[in-house]
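Notes for the one structure printed next.
Just so you know, all these numbers are worked out from the coordinates, no wet-lab data involved. For clarity, every value in this text was computed on a predicted model and none was experimentally measured. Please note: Cβ atoms are built from the backbone with ideal geometry, for glycine as well, and neighbour counts cover all protein chains shown.
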């Protein structure tokens, strides 16, 4: 789902704010993914309490109001969703509970 979330965000930002903004989002998202691959525990565990999923973490993009919701696994970081902070986070993450 994270890939579809990212594509939607890029499309929205590009349409609403222009191609430079869409490109800036991609750059910041890529930097965040790199950071999380090196230091997976650097994200906030608060999202786990919010939705009741142990081990779920989030990373907020500094320039954009988007959260990367992910879980650290044995050999990788699994990015579940990339969501705008104004979205209904518990509702959007409900499928994580299934």
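Per-residue ellipticity at 222 nm computed for the chain from its helices equals -15000 deg cm²/dmol, with DSSP H segments shorter than 4 residues left out and the rest contributing -39,500 (n - 2.57).
Modelled spin labels at residue 51 and residue 27, positioned 7 Å past Cα toward Cβ, are 2.9 nm from each other. Taking label positions 7 Å along the Cα-Cβ direction at both residue 73 and residue 60, the computed distance is 2.8 nm, reported to one decimal. Against the main long axis of the alpha-carbon atoms of the chain, helix 19-38 sits at an angle near 30°.
Across segment 2-97, counting alpha-carbon atoms alone, Rg and Dmax equal 13.1, 39 Å.
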